[in-house]
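Data first, discussion second: the structure below is written as structure tokens.
The values are calculated or read from the model by the stated rules, or taken from the named source; none is laboratory data. Values in this document were obtained by computation on a predicted structure and should not be read as measured data. Backbone-built Cβ (ideal geometry, glycine too); neighbour counts: all protein chains shown.
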Amino acid sequence: MMLNIRDLRVSFQNESGSPTEVVHGISLSLDKGETLGIVGESGSGKSVLSLATIGLLPKTAKPTGEILFNGDDLLKMPEKRLSQLRGSKIGMIFQEPMTALNPAMRVGNQIAEGLRLHRSISRAEAQAEALRLLDMVQIPDAKRRIESYPHEMSGGQRQRVGIAIALALKPDLLIADEPTTALDVTVQAEILDILDDLVSELGIALILISHDLGVIARIADRTLVMYRGNEMEQGETERVLRQPGHDYTRKLLSALPRRARAGLDFTPPAPGEAP
Amino acid sequence: MKKIPLALIIGGSITAVLVTAAILSRFWTPVDPTAINIPNRLKGPGVGGILGADHFGRDELSMIMAGAWTSLGIAFSAIAIGGTAGTVLGVAAAARRGRFEALVMRFNDVLFAFPPVLSAILLAAILGGGPLTTIVAIALFMIPVFARVTRSAALQIWARDYILAARMAGKGGTRITVEHVIPNIAAQIIVQIAIQTGLGILTEAGLSFLGLGVAPPTPSWGRMLADAQTYLSTAPHMVLAPGLAICIAVLGLNLLGDGLRDLTDPRRRQAT
């Protein structure tokens, strides 16, 4: 297993009083070429889980448990090694393409920057690599676009640039935190297709965090359902969505619009039934 | 194409005239601004030169031009020192947070509590009078202004995802500040520079009015005003010339600052 999280708990220190635990013992594992979907409503601990995985939790947070990445425990790793690992082995795609890019920097430089930081290559080589990456995420007219500033691009294009940045160093693990939430439906489908292709072609492991079951159904091999920091259920996406084993999953599914639900062959519980 | 705000055009023109006059005065003024010409004593505009003459018969226009150099020179030097120190403190506070931030900001509160005139008198007692004292006094009161503005602007930038991405890539706080934070708060800093230069001119005039500025005979707007007090009823033009010069300079720099802010902050433009 490439990523193995065992009994991860995260608690936040309060100004006074006892710490508040927001993630209560999550375990999961993921191998190359696999996609794990994490679903849950706002505040269910999805984002805290992903931040813990890359070691970027705020200072007030205290994680316990084990996060084994290629056999090394990330929680015990010194900051210096961790920052070498982040970016080069683990990439992250953010929710808001508007705030994920530096508005004062050309997109080409933003992609090239990570490359130059982790590998000793020349400026020209980094730019050439940036161009290749922009082509890979299907930015039309990449040669001209590489000189653009983020505000000159559409939301979908910006998100593709975000993916290009995350992929620049050929990471083993890619964490996408709601990568399509801020995009409209057609662009959403394109971005998901790009991600799906990358997972199978480059053999990276993908953790996709979303509150949208449609997105999860489309791309994830396995799904983890979270609620208030607890695991509700985990398993093959197909199984979780068609024969949910937990009442909360059923409740999530019944929250889908009827038409989307029809595609999943799922009958909602009768009204009044306990979730 | 963005519409250029009217304030920016007016403020920019006034500032340009001011700076040109100040630079020009180093090479040429209608009359030597320090030349005493007793027959012209207290003569009004027209008779004793374009803007008249003062109680020593010195040409007011030449003194205003030379005074612009003094005022702008001191204001800009103060901005360069105070603005840099304040910005460094502000972005460092935003980058480090925690106890360091609290310490820096409380230190700024203390600085801010001193009226600039008071700290100038204090400094004059320690360092002796003169332009250096004035510059340091004005710079001291600029520090907290810049520190506060840059800290709050930088905090907003630190909350963005691209900062998280930069941290993920393994960059340290200093590097993130230089490469990502400062370019994104540059607009706010430039606006502050324009507005604070206006305030700096006003403070410089106030200090030299009290006799804490540059030593005579170097012309200074504030001292021209102080000299003019005595002759207020007999030669009112002596008050008008430096008074208007200060008003117009401060107005021009404030308009420039407002205009720059409107140009760089579209939200505010919609609100007004």
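Looking at B:Trp158, B:Trp221, which is the one that is out of contact with any His (no Cβ under 8 Å at 6 or more places or on another chain) and within 13 Å of another protein chain (Cβ to nearest Cβ)? Please lay out each step first, then the result.
Working: B:Trp221 fails: within 13 Å of another protein chain (Cβ to nearest Cβ).
After ruling out the rest, the residue left standing is B:Trp158.
Would you confirm whether any residue within segment A:132-147 is under 22 Å from the mean Cα position of the chain (by Cα), among the acidic types (Asp, Glu) and within 23 Å of B:Arg167 (Cα to Cα)? First the steps, then the outcome.
Pass one, segment A:132-147, residues under 22 Å from the mean Cα position of the chain (by Cα): A:133-139.
Retained after the next criterion (residues that are among the acidic types (Asp, Glu)): A:135.
With the extra rule that they be within 23 Å of B:Arg167 (Cα to Cα), the set shrinks to none.
Among the residues of segment A:132-147, not one is under 22 Å from the mean Cα position of the chain (by Cα), among the acidic types (Asp, Glu) and within 23 Å of B:Arg167 (Cα to Cα), which makes the answer no.
Among the residues of segment A:54-82, write down those that are modelled with pLDDT of 85 or more, β-branched (Val, Ile, Thr) and out of contact with any helix residue (DSSP H, G or I) (no Cβ under 7 Å at 6 or more places or on another chain).
A:Thr64
Which numbered condition in (1) more than 14 Å from every other protein chain (Cβ to nearest Cβ); (2) surrounded by fewer than 21 Cβ atoms within 10 Å (Cβ to Cβ) is the only one that B:Ile138 fails?
(2)
How many of the residues in segment A:168-205 are part of a helix (DSSP H, G or I), of a type in the set (Asp, Glu) and in contact (Cβ under 8 Å) with a residue 60 or more places away in the chain? Quick ask: steps written out before the conclusion?
Within segment A:168-205, the first condition is being part of a helix (DSSP H, G or I), and the residues that meet it are A:185-202.
Keeping just the survivors that are of a type in the set (Asp, Glu) gives A:190, A:193, A:196-197, A:201.
From what is left, the residues that are in contact (Cβ under 8 Å) with a residue 60 or more places away in the chain are A:196.
Summing the residues that are part of a helix (DSSP H, G or I), of a type in the set (Asp, Glu) and in contact (Cβ under 8 Å) with a residue 60 or more places away in the chain in segment A:168-205 gives 1.
Got a number for residues in segment B:96-117 being modelled with pLDDT under 85 and either over 17 Å from B:Gly86 (Cβ atoms) or among the hydroxyl-bearing types (Ser, Thr, Tyr) (or both)?
Here is the first cut: in segment B:96-117, the ones modelled with pLDDT under 85 are B:97-98, B:114-117.
Those still in the list that are either over 17 Å from B:Gly86 (Cβ atoms) or among the hydroxyl-bearing types (Ser, Thr, Tyr) (or both) too: B:97-98, B:115, B:117.
So the count comes out to 4.
Name the residue, out of A:Leu8, A:Leu56, A:Leu51, that is within 14 Å of another protein chain (Cβ to nearest Cβ) and either touching a Gly at 6+ places or on another chain (Cβ under 6 Å) or part of a loop (DSSP other than H, G, I, E, B) (or both).
Working: A:Leu8 fails: within 14 Å of another protein chain (Cβ to nearest Cβ); A:Leu51 fails: either touching a Gly at 6+ places or on another chain (Cβ under 6 Å) or part of a loop (DSSP other than H, G, I, E, B) (or both).
Just one listed residue meets the conditions, A:Leu56.
If you check A:Leu117, A:Leu134, which single one turns out to be within 14 Å of chain B (Cβ to nearest Cβ), in contact with a Lys or Arg (Cβ under 8 Å, 6 or more places away or on another chain), among the aliphatic types (A, V, I, L, M) and assigned to a helix (DSSP H, G or I)? Before you say what the answer is, go through the steps one by one.
Details: A:Leu134 fails: within 14 Å of chain B (Cβ to nearest Cβ).
One residue alone meets the criteria, A:Leu117.
Among what's in segment B:161-204 and is among the basic types (Lys, Arg) and part of a helix (DSSP H, G or I), pick the residue that is farthest from the other protein chains (Cβ to nearest Cβ). Before you say what the answer is, go through the steps one by one.
Filtering segment B:161-204 for residues among the basic types (Lys, Arg) gives B:167, B:171, B:175.
Still in the running and part of a helix (DSSP H, G or I): B:167, B:175.
Values: B:Arg167: 6, B:Arg175: 9 Å.
By that ranking, first place goes to B:Arg175.
Quick check: anything in segment A:94-114 at positive phi and either assigned to a strand (DSSP E or B) or within 10 Å of chain B (Cβ to nearest Cβ) (or both)?
Restricting attention to segment A:94-114, the residues satisfying the condition of being at positive phi are none.
The answer is no; no qualifying residue exists.
Run down A:Ile165, A:Ile139 and say which single residue is without any contact (Cβ under 8 Å) to a residue 40 or more places away in the chain, crowded, with 21+ Cβ neighbours inside 10 Å and of a type in the set (Val, Ile, Thr). Steps first, answer last, please.
On the way: A:Ile165 fails: without any contact (Cβ under 8 Å) to a residue 40 or more places away in the chain.
Criteria check complete, one pass: A:Ile139.
Which condition does A:Asp177 not pass, out of (1) surrounded by fewer than 20 Cβ atoms within 10 Å (Cβ to Cβ); (2) within 11 Å of another protein chain (Cβ to nearest Cβ), if it passes all the others?
Here A:Asp177 meets the rest and fails (1).
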